[in-house]
């Protein structure tokens, strides 16, 4: 009910009477009064004026299920939200919830991750209030080999959402980083459980650095935060997360129409920092260098060497001048 009250207050340009809240929610005045007190205890500033009603003056910077649900305007993504003050990893929890039957489109979000991680087991710093740490539980009808492409869907969602912020010009470093000023502001980790020809579920974890923090030594020179680069204070983490969900839902629907990235491939290229840049591919069979020529419809990076293009679908890719790669 608290989420419904917040949504109604946000939708109104003026005060909302207690009688109107009771009517729309089908509850008693006492129930509304109790919910208002609980919201105030959670940090919401709600004005109550006799004969006029309630008005939301200020919301706390929280990622609670009530706050996120009150902002939600997606069709299916984020209708079920699992919110935690502290957790080891939203991806780990997402996989556990998926095993227990969590529905397609569920979102797992935490204020703190004690064991957040990125690709290849790298640590992901996740202090309280500094960013948005969340995972999406997806159960698409795809072949296991197509699952990695959802990382590109997530990257598009993040750059479009960040791009709504004044002055932001985010870019994508294929396949799973979003950059501002050539520094990493977001990482994406996609994991799945699958049979030979069937996906049980996919969990896509996204970490967005919003506020300046003391980054771990191994990434202090390559990581940044939105407010650090944009000078925009404050950025609503809940509103930004909802923007990501809206954009993800849109690009996911496009992807599912064709089961490839053809419908947004050219748009992806507009954000691709690798495009026409020299890259170094750290392939297990041996590292090599070439020029990145964008992605193909499968989302693979096309790397050109001596006029021959190779489709890269795995391995670490470094870009000249990005993250300190100079060769």
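Could you tell me whether residue 183 is over 18 Å from residue 244 (Cα atoms) and at pLDDT 95 or above?
no
Only one of these is outside the structural domain of residue 133 (by TED's automatic domain parsing), out of contact with any strand residue (DSSP E or B) (no Cβ under 6 Å at 6 or more places or on another chain) and modelled with pLDDT of 95 or more: 6, 25, 21. Name it. It would help to see each step written out before you state the result.
On the way: 25 fails: modelled with pLDDT of 95 or more; 21 fails: modelled with pLDDT of 95 or more.
Of the residues listed, the single one that is outside the structural domain of residue 133 (by TED's automatic domain parsing), out of contact with any strand residue (DSSP E or B) (no Cβ under 6 Å at 6 or more places or on another chain) and modelled with pLDDT of 95 or more is 6.
Within the stretch 110-133, is even one residue assigned by TED's automatic domain parsing to the domain that holds residue 215, under 19 Å from residue 250 (Cβ atoms) and surrounded by fewer than 22 Cβ atoms within 10 Å (Cβ to Cβ)? Before you say what the answer is, go through the steps one by one.
First, the residues of the stretch 110-133 that are assigned by TED's automatic domain parsing to the domain that holds residue 215: 110-133.
When the remaining residues are screened for being under 19 Å from residue 250 (Cβ atoms), the result is 132.
Pick out the ones that are also surrounded by fewer than 22 Cβ atoms within 10 Å (Cβ to Cβ) and you get none.
Looking for residues that are assigned by TED's automatic domain parsing to the domain that holds residue 215, under 19 Å from residue 250 (Cβ atoms) and surrounded by fewer than 22 Cβ atoms within 10 Å (Cβ to Cβ), one finds none in the stretch 110-133, hence no.
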| task | Tell me which residues, restricted to the stretch 190-206, are in contact (Cβ under 8 Å) with a residue 60 or more places away in the chain and surrounded by fewer than 24 Cβ atoms within 10 Å (Cβ to Cβ). | result | 191, 193, 199, 200, 201
| field | Pairs with Cβ under 6 Å, 6+ apart, first in the stretch 259-273 and free of Cβ contacts under 8 Å to residues at least 24 places away in the same chain and in the same structural domain as residue 175 (by TED's automatic domain parsing), second surrounded by 15 or more Cβ atoms within 10 Å (Cβ to Cβ) and in a helix (DSSP H, G or I) | value | 263/254
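Of all residues in the stretch 288-327 being more than 27 Å from residue 146 (Cβ to Cβ) and at pLDDT 80 or above, which is surrounded by the most Cβ atoms within 10 Å (Cβ to Cβ)?
From the stretch 288-327, those more than 27 Å from residue 146 (Cβ to Cβ) are 289, 306-307, 320-327; that's our starting set.
Remaining after also requiring at pLDDT 80 or above: 289, 306-307.
Values: 289: 13, 306: 5, 307: 5.
So the residue we want is 289.
Every residue, every condition in (1) modelled with pLDDT of 95 or more; (2) within 12 Å of the chain's Cα centre (by Cα); (3) part of a helix (DSSP H, G or I); (4) under 30 Å from residue 59 (Cα atoms), yes or no:
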| residue | (1), (2), (3), (4) |
| --- | --- |
| 187 | no, yes, no, yes |
| 200 | yes, no, no, no |
| 218 | no, no, no, no |
| 234 | no, no, no, yes |
| 238 | yes, yes, yes, yes |
| field | Flag for residue 91 being on the phi > 0 side of the Ramachandran plot and either assigned by TED's automatic domain parsing to the domain that holds residue 247 or over 15 Å from the mean Cα position of the chain (by Cα) (or both) | value | no
| query | Any idea which of 275, 241 is buried (at least 18 other Cβ atoms within 10 Å of the Cβ), touching a strand residue (DSSP E or B) at 6+ places or on another chain (Cβ under 6 Å) and under 22 Å from residue 294 (Cα atoms)? | reply | 275
| request: Specify which of the listed residues (171, 242) is touching a helix residue (DSSP H, G or I) at 6+ places or on another chain (Cβ under 9 Å) and under 19 Å from residue 71 (Cβ atoms). | output: 242
| task | Confirm whether residue 178 is in the same structural domain as residue 129 (by TED's automatic domain parsing), outside any loop (DSSP other than H, G, I, E, B), touching a residue at least 60 places away in the same chain (Cβ under 8 Å) and under 14 Å from the mean Cα position of the chain (by Cα). | result | no
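The values are calculated or read from the model by the stated rules, or taken from the named source; none is laboratory data. Note that this is a predicted model, so its numbers are computed, not measured. Glycine also receives a Cβ, built like all others from the backbone with ideal geometry; neighbour counts cover every protein chain displayed.
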